[in-house]
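None of the figures in this text is laboratory data; all of them are computed from the coordinates on show. These numbers come from a predicted model, not from an experiment. Here Cβ is always computed from backbone atoms with ideal geometry, including for glycine, and neighbour counts include all displayed protein chains.
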Amino acid sequence: MRAISVEPGKANSVSLDEWPEPGARDGTLLVQTLAIGVCGTDREIIAAKYGTAPPGEQRLILGHESLGRVLEAPEGSGFRVGDLVAGIVRRPDPVPCRACAGGQWDMCRNGLYTERGIKERHGYGSERFRVRSEFAVRVDPALGLCGVLTEPASVLAKAWAHIDHIGGRSPTWRPHRVLVTGAGPVGLLAAMMGRQRGLEVHVFDRNDTGPKPGLVADIGAHHHAGDIRDLEDLAPDVTIECTGADPVIAEVVQRSGADGIVCLTGISSGGRTLPFDVGAFNRRTVLRNDVIFGSVNANRAHYEAAAEALARADKAWLSRLISRRTPLERWVEAYEGREDDVKVVLAFEPL
Ligand code: BGC
C-alpha cells in the first residue's frame, strides 16, 4: 500500500512510497483511509522542526487528522464494516502516569505519550490503517468528507470543556462574549462551538480578504481584522487564542473582561522576545480573578463531543472549511500553503 512519510529531523524528506500492510499490533479494526487533513503540525514535521519516528525506525508515516471506512471489525468491537471513523491521535504513556492510567492521555504528566503521525507512532496517511476500537470514533455518515474535521474539532471540544470547568469555580459565572483569535480551521471551529452555545462570538484575524470573513459572518459571529489592540474595549468573558503569534498572545492575556478565561491553543515556535509589563499583567490578573491556561490534544470524551458538534453543525458551512481537496496522485500540492487556504485535505479515495 502507499503511504506518505518523512524522515523526522531531515527537512523536505517527505515522499509517497510503498509500505507493508498495517500490522495487527496497531489494532483489530482495519480501516480504508478516505482522507487526511493537513495542518501546521504536518508542515512543521516536514520542515524538520517537530516529530519523531517510531523507536528503531527512520521514517514516520504522517497524518493525524483522519477519516476512514471500516473494512474489518471483529465481533464485539462496537463497529461494523462500512462505518465511517476517525482515529484518536494520542496513546497513553507506558508508565502510565495517573492521567494516562485514567484515560486522560491528553493530560499526560510525564511527556512519554505517543501520537500517531507526530510522535513515535505511525500516522493515518496510508491507504489502509489499523486501530484499536477504543481509539476509533464513529463519524456521522451524513458528514461525508467533513468527518475529517473530527480531530481538529476534538481539540476545541476539550478547550470548551476545560473553560466550562474553570468557569464553574464561581457559581455565578455566565459567559456572554467570546473572542477567538485566528480564523484558521481551529479558530473557526472554536467560533462555531461558541455559537452553538448561543454566545456572542468575535473572531480576530490578520486579514479581511478571502473566504474567512464570510465563514465568520455566516455563523452569526463578528469578524475583526487589522490591529488586535483595536479590540481593547471588547472585554470578552472567554478568549480562545488560536494564532500562536506572540503579539496577539501578549495582548489577549491582558485584555479579558472581569473573571475572564483565556485559553491558549496555538503552539508557538519560541525564540523571539517582546517587551511585557509583568507587574501590570500580574496586578490586573489578580484583581480581576482572570485565568490563563493552555490546552492541547483531546481524549475520547472530547472526540465524542466533537463528533456530536459536527453532526449538529450546518453541513454546507462545514464543507466550505475544506477549501482545497487534493487527490493522492497530486499529494505534493496538499502540503503547499496557499493564500485563501482554510483546511486542505488529501483525498485517498473519492468521496
Ligand atoms: C494535534 C494534537 C497534538 C499536538 C501536539 C496538534 O497538531 O492536533 O493532537 O497533541 O499537535 O503534538
Using only the alpha-carbon atoms, what does the chain span along each of its principal axes? Please give whole angstrom values in decreasing order. 58, 45, 40
Considering only H223, A316, A190, whose Cα is most displaced toward the positive end of the charge dipole of the chain, charges sitting on Cβ of Lys, Arg (+1) and Asp, Glu (-1)? A190
Two-site FRET efficiency, R284 against A217, from Cβ-Cβ distance with R₀ of 35 Å, rounded to 0.05: 0.65
Normalised by the number of residues in the stretch 154-294, what is the relative contact order in percent for Cα pairs under 8 Å and 6+ residues apart? 22 percent
Fewest-first ranking of C146, C97, C108, using other Cβ atoms within 10 Å as the exposure measure: C97, C108, C146
Taking amide H positions as placed 1.01 Å from N in the peptide plane, with prolines and chain starts having none, which residues 5 or more places from F348, or on another chain, fall under 5 Å of its amide H? A35, I36
How many angstrom lie between the C-alpha centres of the stretch 89-141 and the stretch 1-54? 15 Å
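With the radius of gyration and the Kirkwood radius both derived from the Cα set of the stretch 154-294, what is their ratio Rg to Rh? Walk me through the numbers before you get to the answer.
Working: Rg = 14.3 Å, Rh = 15.2 Å.
Reported Rg/Rh (Cα atoms, Kirkwood Rh): 0.94.
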So which residue, out of G117, G260, G244, gets the largest mean-square fluctuation from a GNM of the chain using Cα contacts under 10 Å as springs? G244
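Assuming R0 = 35 Å, can you tell me the calculated FRET efficiency for the pair D246 and Q32, based on Cβ-Cβ distance, to the nearest 0.05? If you can, show how the numbers build up before the last one.
On the way: r = 42 Å, r/R0 = 1.20.
Working from the Cβ atoms, E equals 0.25.
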Radius 14 Å from Cβ of S154, net charge of other residues (Lys, Arg +1; Asp, Glu -1): -1
Could you give the angle, 0 to 90 degrees to the nearest 10, between helix 300-312's Cα long axis and the longest principal axis of the Cα atoms of the chain? 80 degrees
Express the relative contact order of the stretch 239-298 as a whole percentage, based on alpha carbon pairs under 8 Å and six or more residues apart in sequence. 42 percent
Expressed in nanometres to one decimal, the distance between label points 7 Å along Cα→Cβ at F293 and E44 is 2.1 nm
Take I88, I240 and order them by how many other Cβ atoms sit within 10 Å, fewest up front. I88, I240
Which one, A298, A47, A306, has the greatest fluctuation when you compute a Gaussian network model over the chain with C-alpha springs under 10 angstrom? A47
Tilt of helix 185-196 relative to the longest C-alpha principal axis of the chain, in degrees (0 to 90, nearest 10)? 60 degrees
Counting each DSSP H run of 4 or more residues in the chain as -39500 (n - 2.57), what helix-only mean residue ellipticity at 222 nm follows after dividing by all residues, to the nearest 500 deg cm²/dmol? -7000 deg cm²/dmol
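Once the piece of chain linking R109 and T172 is laid out straight, how much longer is it, given 0.36 nm per residue of separation minus the C-alpha distance between them? List each step's numbers first, then the result.
Numbers: separation 63, 0.36 × 63 = 22.68 nm, distance 3.14 nm.
Answer, rounded to one decimal: 19.5 nm.
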GNM, the chain, Cα, under 10 Å: largest mean-square fluctuation among H224, H176, H202? H176
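Just want to confirm a number: the relative contact order over the chain, from Cα pairs under 8 angstrom separated by 6+ residues, in percent.
On the way: 778 pairs, mean separation 63.8, N = 351.
In percent, rounded to a whole number, it is 18.
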Does a label point 7 Å from the Cα of L274, set along Cα-to-beta-carbon, have any residues of the stretch 220-242 with amide nitrogen under 11 Å, and which are they? 228-229
Can you give me the distance in nm between label points at R312 and D230, each placed 7 Å from the Cα along the Cα-to-Cβ direction? 3.3 nm
Please list, by residue number, everything in the stretch 269-310 whose backbone N is under 20 Å from a paramagnetic label point 7 Å out along Cα→Cβ of D164. 291-310
Expressed as an acute angle from 0 to 90° and rounded to the nearest 10, what is the orientation of the C-alpha long axis of helix 278-287 relative to the principal long axis of the chain? 80 degrees
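Nothing charged except the Cβ atoms of Lys and Arg (+1) and of Asp and Glu (-1): what's the magnitude of the dipole of the chain about its Cα centre? Round to the nearest 20 debye.
Numbers: 42 positive and 46 negative charges, 130 e Å.
The dipole of the chain has a size of about 620 debye.
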Using 21 Å as the Cα-Cα cut-off, could you pick out the over-long pairs in K119/K315; K315/K343; K158/K212; K10/K343; K10/K158? K119/K315; K158/K212; K10/K343; K10/K158
